[in-house]
Amino acid sequence: MLFKRAVATCICPRIPSRLSRLRHTKPPSQYAVQRSCSSHATTKPPPIPPADHRQLGVQQELFTTSVYSPGSPILLPNGARIFNRLVEFLRRQYARYGFDEVITPTIYKKALWKKSGHLENYSDDMFTVTSTSPSRSDAAKDSEEDEYGLKPMNCPGHCLIFASHLRSYRDLPIRYADFSPLHRNEISGALSGLTRVRRFHQDDGHIFCRPSQIEEEIRKTLDFVRVVYSTFKLGPYRLTLSTRPADHYIGAPEEWETAEGALKRALDVSGQDWTINEGDGAFYGPKIDIVLRDSDGKEHQTATIQLDFQLPKRFDLGYVAPAPEYERRGETTTDPDALNETGLVTPVLIHRAVLGSVERLMALLIEHYNGAWPFWLNPRQSRMFLWAGKARRTRR
Ligand SMILES: [Zn+2]
């Protein structure tokens, strides 16, 4: 009975009913518009503008922002529920794809960023933190010792974990996942909703593997992407392989050829169409980007899979393996002399993110579903209306 009354209320956009707001309804259909109240009825419904996550975010009380922290979205209870469900969903997949979650610091000393190369190549996008007041008795005398950077990425922290004890070839692949908040100093004019922010969370993952394991790890990651995006009914998406830049790159050309060959074979096995971006790889290794097309035809780069030969070297990472010369080339041998020799081999690092920024993916999902969330993501999954004469109470 109550539903009938509710459906009969005005559904014109300029007179939002409380129930339509609570139900997160899609924009009214043509049929619904024709049935609305006489003062707003029209046979030609106005064109529906594309969904905007910033407007829907306010309407559905998902997030807000503050002048006191520009670019750092404040997730309200409804937004936090969606965020947590996305993270829980990813955690369930981690059990299936062999990732172990870790929790790493938000700030590191400048010395770490020097070692990782961020100070040299990324400092414009980083925030600096000064640790103590001069009055503190434990304040470092050397001012550089006292300077920290807010982390823009998790990779250096994961390298520290790998380096924390001796590894054997039998331990690999090692896969770490991390949902820590990240900070990047985007210019203030570029900040927007949940898509261009200064503070965000990635479903960040790093795989430390043997050169011979690259292809299998990429294949599994592409499968991971397929499972996640089909669950959200997002897509279509396209895959692009970016190869060795013409001049500014590190590592031997043979290493690049081996890595690119492994990526190509994994892409072929995925059965999905892919294209090459010749010379567009990162200076430290080739990469696969997943470019998603939204319902308005706009393209968004979301997931990414990047090979990195450089960072493990900068952190002196190694694992013990027999026949190290063969191992480095990703080859195997049955030669007993070669197998009698053991040595340290540098692992290959694969950076991968399936959702990318969780906040950014939330923005895409808000617009993709136009606010009509599937049940498992809906922040208000049930609502009970009790009707007792004049007294009416609403309970969650
Ligand atoms: Zn990384």
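Each reported figure results from applying straightforward, stated rules to the coordinates on display, with no laboratory input. Note that the coordinates shown come from a computational prediction; the quantities given were computed from them, not determined experimentally. Neighbour counts are summed over all protein chains in view; Cβ atoms, including those assigned to glycine, are modelled from backbone coordinates with ideal geometry.
For the pair LYS298 and ARG328, a Förster radius of 45 Å applied to the C-beta separation gives a FRET efficiency near 0.55, rounded to the nearest 0.05. Among the trypsin sites (Lys or Arg not before Pro) found in the range 216-274, those both in a DSSP coil and sparsely packed, with 10 or fewer other Cβ atoms within 10 Å of their Cβ, are LYS233.
Taking other residues whose beta carbon is less than 13 angstrom from the beta carbon of GLY271, and scoring Lys, Arg as +1 and Asp, Glu as -1, yields 0. Applying 1/(1 + (r/R0)^6) with R0 = 45 Å to the Cβ-Cβ distance of SER164 and ASP337 gives a FRET efficiency near 0.85.
Among the GluC sites (Glu not before Pro) within the range 305-376, those in coil by DSSP and having at most 13 neighbouring Cβ atoms inside 10 Å are GLU331, GLU341.
The chymotrypsin sites (Phe, Trp or Tyr not before Pro) of the range 53-84 that DSSP puts in a loop, and whose beta carbon has at most 11 other beta carbons within 10 Å, are TYR68. Segment ARG238..ASN277, full-extension length gain: 12.8 nm, with 0.36 nm per residue of separation and the alpha-carbon distance subtracted.
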